[in-house]
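Working notes for the structure below.
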Amino acid sequence: MKKALVAGLILLVVSAAFAEPFFQKDKGNSGRMLTGKVLDHNDNPLSNAVVYLTNTRTRTVKTYIVAQDGVYRFPALSLNIDYEIYAQLNGRKSDTKTVSQFDSRSQVNQNLKINMK
């Protein structure tokens, strides 16, 4: 009787170990990734520009200060919210762009241009 009980417990543990991935939530969907570069009118990267990302539903703002390569990155954004994005450097501002919730891409690239003349 004890052998059957032990065998049953072992079978249960082994089954649970192999079945676990089927019961987990889908962790593959980590949201949307927004990337891009901040550039001048000659397509040169602008270092130290500040990129502002606004959640249009809550009006929460996130910022990112770009390095020498001008690249910014906002990971794990909600797929069902619109965002507005613009960059600013030395009092000059890029046009504001929108990332729509209706855009189904998981990675969106938006370059932002600031006229420094």
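The values are calculated or read from the model by the stated rules, or taken from the named source; none is laboratory data. Here the structure is a predicted model, which means the values were calculated and not measured. Heads up, the Cβs are rebuilt from the backbone with ideal geometry, glycines too, and the neighbour counts pull from every protein chain shown.
Here residue 89 does not fit the description of being closer than 14 Å to residue 32 by Cβ and at pLDDT 95 or above. Screening residue 72 against (1) crowded, with 16+ Cβ neighbours inside 10 Å; (2) modelled with pLDDT under 85; (3) not hydrophobic (A, V, I, L, M, F, W, C) leaves a single unmet condition, (2). Contact map, the range 87-106: residues that are farther than 15 Å from residue 64 by Cβ paired with residues that are β-branched (Val, Ile, Thr), Cβ distance under 6 Å, separation 6+ or inter-chain. Pairs shown: 92/114; 101/81. Scanning the range 107-117 for residues that are assigned to a loop (DSSP other than H, G, I, E, B) and at pLDDT 95 or above yields 110, 111, 114. Can you find, within the range 75-117, the residue that is nearest to residue 51 (Cα to Cα) among those that are surrounded by 14 or more Cβ atoms within 10 Å (Cβ to Cβ) and of a type in the set (Val, Ile, Thr)? The residue in question is 85.
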